[in-house]
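The structure under discussion appears below in the form of structure tokens.
The values are calculated or read from the model by the stated rules, or taken from the named source; none is laboratory data. This one's a predicted model, so the numbers in the text were calculated from it and none came from an experiment. Cβ atoms come from the backbone with ideal geometry, glycine included; neighbour counts cover every protein chain shown. Remember, those area values only see protein heavy atoms, side chains included, never the ligands or the DNA or RNA. Shrake-Rupley method; radii C 1.70, N 1.55, O 1.52, S 1.80 Å.
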Amino acid sequence: MSTASQSYYDRRGMLATLGKDGLIQIILILNTVVMLAPIVIMLFAAFKTNAQIFQSPFSIPDFSNLANITKIWSQTNFLRYLLNSVIVTGASMVVILTLGTMAAYAVGRYKFRGSSFVLMFFLAGLTLPLKLAIIPLFILMRDLGILNTQLSLIVIYVAMGLPTTVFIMTGFIATLPNELEDAARMDGASEPRIMWSIMLPLVRPAMVIAGIQNVVPIWNDFFFPLIFIQKDNLKTLPQGLTTFMGEYTTDWGVLFAGLLLSSAPIIIVYIILSRQFINGMTAGAVK
Amino acid sequence: MPGSPLVARRLWITALIVPPLAFVALFVVYPIISAFAYAFFQWHGLARGEFVGFANFYRVLFTQPYADWTLNAFTHNVLVFFALMVLQNGVGFVLAYCLWRELPGAAFHRIAVFLPVVLSTIIVGFLWKLFLHPLFGVVNISLRGTGLGGLAQPWLGQGTTALWALIIANAWHMVGFPTLVFLAGMQRIPSEILDAVRMETESEWVKIRKVVWPLVAPSATVVFTLLFVGSFNWFELPYIMVGVDGSPHKATDVLGLYFYRTAFGDQSGSGQDFGAGSALAVLIFVFIALVAGVITFKLRAREIQL
């Protein structure tokens, strides 16, 4: 403790400090209740019947009553939607990280004419909302013959994710030291070999950040499937959710079970990796 | 062969740069340029017709019923932006300030406040739609249960409350984002500065206004700009909670819904018009780019380099 803070506490008195800290704790606890209550109510309701939901929405249910969950499992296309989301998100992430690392490595590691123009070209996409170009994108996908395929989604997600990925990774790659690279070059290693064996292992932390920043919006996206995908068997989870929410309008237990199952994957991953999620999702905003 | 390593190097850089560049050119740059071009043509369904100059823009801005719809939706976006500025960014700042003291439990509160942020807007929208149901929703059930039954109302069904219900749901969903961006900004304030402040003043208010707020200006710039872009791109939450027509009676209509309806047709699937839709997209686009540019520029000017 520095003397400054000691005199601060002397002057303020313990009581005032305790009062202030108490107020802060009350604000934080109230806020956490507001943040978590809807999720807890959803969790409880997924195990209740209609009557139980309407009469006692806050009561703890009998968690062994899996009727609603089984209904989602067996009577809807939930598993198919989940699988589609995994395929589309997974494929998009692989392509984003591959292409993003290639571009960032070229711009961040080599001096060549036009490199700043190339970077500008990628960063232009950073602030422009691609949603507003949906009409030309729709026509482009139709002309390429990939409307109503998962490829159309993968392509658009890669386009959406490349600017932030190139931005985050270029900044990181440019700061890596030259010594290892130069030594390898002296030994006659080829440029691809240097990139693959020496530099890429060092780039991994930036890949995690860029990966998380992209994976959440892609996993959660609803807008592009809404426009590009009509076939039920190709729908992703958020889009599929709208389908079965429309079918079970009167069966509230099933509705909440559907919401619970749809949100469970990302909530579980978030609880395990909360630090990485928070760092990744605020990466662009925190310098 | 002299010069061959140089050629090889050049080939290598080209091989690295061309695939991502081609991808961005085809799926980002080309569609955005096309979006501008399309607005100057007449459209027959999915087929482009003749060049019509500014006719589409004139139509959505100055002829009825488009002009009223455009103004109505735009006004709602403005309201959403200012309301969220208080309910999302303002509350976020207060929460960040509370978390910054690192009292016991702060780590848990930090994880809790960010939890809704990772959820899909679709899940959040449906969840709140069920909560706000006039008869069976938990909000009205709680009001009745606590003797405040008089306050129970069809939150999403009446023009006076529907937009505010959406705003509250959005604030619940996203408040964790500004909170943690502000918190990161506060944690970067050097401890020498904070010690010096403690010598000078006891007032928490003076400390916030004169020291913390100016020093988190870079976070504020980012959070304000993102909220602006987000507010004028608002689509998913209203789409799920009040439908594509912005019910009731367009009381919740915003530019995103209006653009979608104009381009791809309304609930009944009629009225699809790529010309008017493209003109709207260009107007929204230019407006967002201009204002976001001004906000960033103005706010950057007051940032202090530490």
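The 3J(HN,Hα) values that the Karplus relation (6.51, -1.76, 1.60; θ = phi - 60°) gives for the stretch A:257-266 are, in residue order, 4, x, 5, 4, 5, 5, 8, 4, x, 6 Hz. Gly and Pro appear as x. Sequence-distant contacts, meaning Cα pairs under 8 Å at least 6 residues apart, place the relative contact order of chain B at 25 percent.
Taking 0.36 nm per residue of separation and subtracting the Cα-Cα distance, full extension of the segment from B:Tyr58 to B:Val78 would add 5.0 nm. At q = 0.19 Å⁻¹, work out log10 I(q)/I(0) for the stretch B:194-295 with the Debye formula, treating every Cα as an identical point scatterer and leaving solvent out; two decimals please. Cα-only, vacuum Debye calculation for the stretch B:194-295: -0.93. For a label point 7 angstrom out from the Cα of A:Thr70 toward its Cβ, which stretches of the stretch A:245-281 have the backbone nitrogen within less than 15 Å? The answer is A:254. Amide H to amide H distances under 5 Å link A:Asp251 with no residue, where only residues 5 or more positions off or on other chains count and H is placed in the peptide plane. Taken along the Cα-to-beta-carbon direction at a fixed 7 Å, the label points for B:Leu143 and B:Ala22 span 5.9 nm. Only alpha carbons enter this Debye calculation for the protein assembly as shown, each as an equal point scatterer, and the log10 of I(q)/I(0) it gives at q = 0.07, 0.10, 0.11 Å⁻¹ is -0.49, -0.98, -1.17.
Distance between the 7 Å Cα→Cβ label points at A:Phe54 and B:Gln158: 2.2 nm.
When all alpha-carbon pairs of the stretch B:4-55 are counted, what percent fall beyond 16 Å? Pairs farther apart than 16 Å: 61 percent. Compute the Cα gyration tensor for the stretch B:58-301, then decide on rounded, prolate or oblate, letting a ≥ b ≥ c be the square roots of its eigenvalues: rounded whenever a/c is under 1.5, prolate when a/b is larger than b/c in the other cases, and oblate in all that remain. Here the stretch B:58-301 falls in the oblate category.
Just the protein heavy atoms count here, and of the accessible area of the stretch B:49-94 at 1.4 Å, carbon and sulfur take up 78 percent.
Listed values for the stretch B:164-178 are Karplus-derived 3J(HN,Hα) couplings in whole Hz (6.51 cos²θ - 1.76 cosθ + 1.60, θ = phi - 60°), namely 5, 4, 5, 4, 5, 4, 5, 5, 4, 5, 10, 4, x, 5, x, and x replaces Gly and Pro. Legend: residues B:Arg188, B:Arg9, A:Arg193, sorted from most to least accessible area (1.4 Å probe; ligands, DNA and RNA excluded), read A:Arg193, B:Arg188, B:Arg9.
Listed cross-link partners A:Lys20/B:Lys210; A:Lys71/A:Lys235; A:Lys111/B:Lys298; B:Lys250/B:Lys298; A:Lys131/A:Lys235 are compared with a 23 Å cut-off, the Cα-Cα value being larger for A:Lys111/B:Lys298; B:Lys250/B:Lys298. Only the Cβ atoms of Lys and Arg (+1) and of Asp and Glu (-1) were treated as charged; on that basis the dipole of chain B about its Cα centre amounts to roughly 440 debye. For the pair A:Leu83 and A:Asp251, a Förster radius of 30 Å applied to the C-beta separation gives a FRET efficiency near 0.80, rounded to the nearest 0.05. Based on DSSP H segments of at least four residues, each scored -39500 (n - 2.57), chain A has a per-residue ellipticity at 222 nm of -24000 deg cm²/dmol. Which Cα, out of A:Ala183, B:Pro238, A:Trp252, lies furthest along the positive dipole direction of the protein assembly as shown (beta carbon charges, K/R +1, D/E -1)? So the residue we want is A:Ala183. Altogether, the Stokes-Einstein calculation at 25 °C and 0.890 mPa s, with the Kirkwood radius of chain A over Cα pairs as Rh, returns a diffusion coefficient of 107 µm²/s.
Assign one of three labels to the stretch A:49-130, namely rounded, prolate or oblate, based on the Cα gyration tensor with a ≥ b ≥ c the square roots of its eigenvalues; rounded applies when a/c is under 1.5, prolate when it is not and a/b is larger than b/c, and oblate otherwise. Numbers along the way, then the final one.
Working: a/c = 4.60, a/b = 3.10, b/c = 1.49.
It comes out prolate by the Cα gyration axes.
Phi-derived couplings, Karplus 6.51 cos²θ - 1.76 cosθ + 1.60 at θ = phi - 60°, listed residue by residue for the stretch B:137-144: x, 5, 5, 5, 4, 5, 4, 5 Hz, with x used for Gly and Pro.
What you get for the protein assembly as shown, charging only the Cβ of Lys and Arg (+1) and of Asp and Glu (-1), is a dipole of about 560 debye around the Cα centre. The charge dipole of the stretch A:76-247, taken about its Cα centre with unit charges on the Cβ atoms of Lys, Arg (+1), Asp and Glu (-1) only, comes to about 200 debye.
For the pair B:Ile193 and A:Leu180, what calculated FRET efficiency results from E = 1/(1 + (r/R0)^6), where r is the Cβ-Cβ distance and R0 = 51 Å, to the nearest 0.05? Approximately 0.85, to the nearest 0.05.
Here the spin labels are modelled as points 7 Å beyond Cα on the Cα-Cβ line, and at A:Thr98 and B:Asp266 they lie 4.6 nm apart. Residues whose amide H lies under 5 Å from that of B:Asp273, counting only those 5 or more places away or on a different chain, are B:Ala263, B:Phe264, B:Gly265; hydrogens are built 1.01 Å from N in the peptide plane. Averaged over peptide A:262-269, the number of partner chain Cβ atoms lying within 10 Å of each residue's Cβ comes to 3.
Applying 1/(1 + (r/R0)^6) with R0 = 56 Å to the Cβ-Cβ distance of B:Ala107 and B:Glu50 gives a FRET efficiency near 0.35. Once backbone amide H atoms are built at 1.01 Å from N, B:Phe41 has B:Val52 as its partners under 5 Å, excluding neighbours fewer than 5 places away on the same chain. Using the Cα gyration tensor of the stretch A:76-247, with a ≥ b ≥ c the square roots of its eigenvalues, what is the shape: rounded (a/c below 1.5), prolate (a/b larger than b/c) or oblate (neither)? Verdict is prolate for the stretch A:76-247.
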